[in-house]
Amino acid sequence: ASMLVVEQPRLTLRMDPVLVSGGHTATFGMVVTNTGNSVVHGTPDCVDPEEQAKISFTPEVLDLAPGQREVVQARVTARRPWVGSPKVRTFTFAVDAHNRSEAVASFVQKPRLGRLMFAMLGLLTAAAVFAVVLSKTFDNVVDEASVDDASLAAALDQGAGDGSGRAPVDPGVVTGTVTLFS
């Protein structure tokens, strides 16, 4: 008795990890499994809707026996934003064989100068402005409070005749009557 087995090539694709957060580059793992009953020859592929990223695969060609699993490293390189919010890039990874198996993964790129850096820069600027204003104010207070040498000498000469050694800085006279209302 003979049995005829029909060839059924079938691949499954799973991304690991599905989300990568980083700067200039990211590495995704494409877990490819041959769930069919025949050898499958395939090539990894990726669709970048923005067409801004460069993607390379290791290995570049797959030969999978039935039940065999292989991990393809997909290295994504894209220009990193300078400022602003993180940039989310979504890719559709695939393996082209008898049919096309696809999976989606995302790359979140942090900007070179993030929001924390701008907050720190703003705080530093505010502290510098506060220091300049405070410095100017203290300089004005010192200028107003300083007594010139001629005024100080005249006050000392004027009060030196009473023998107490004390000299009034701003002498004044009070006149009038004091009455008690109790």
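Suppose the filter is within 19 Å of SER101 (Cα to Cα), open to solvent by less than 80 Å² (accessible area, probe 1.4 Å), at pLDDT below 95 and among the β-branched types (Val, Ile, Thr); does VAL32 pass it? Answer is yes for this residue. The residues listed here are ARG80, ARG89, ARG69; of these, the one that is on the phi < 0 side of the Ramachandran plot, charged (D, E, K, R) and open to solvent by 80 Å² or more (accessible area, probe 1.4 Å) is ARG69.
Residue count for the stretch 119-136 under the criterion of being of a type in the set (S, T, N, Q) and open to solvent by 70 Å² or more (accessible area, probe 1.4 Å): the result is 1.
The values are calculated or read from the model by the stated rules, or taken from the named source; none is laboratory data. It should be emphasised that the depicted structure is a prediction, and the values quoted were computed from it without experimental measurement. What goes into the accessible areas is simple: the full protein's heavy atoms, side chains included, and nothing from ligands, DNA or RNA. Shrake-Rupley method; radii C 1.70, N 1.55, O 1.52, S 1.80 Å.
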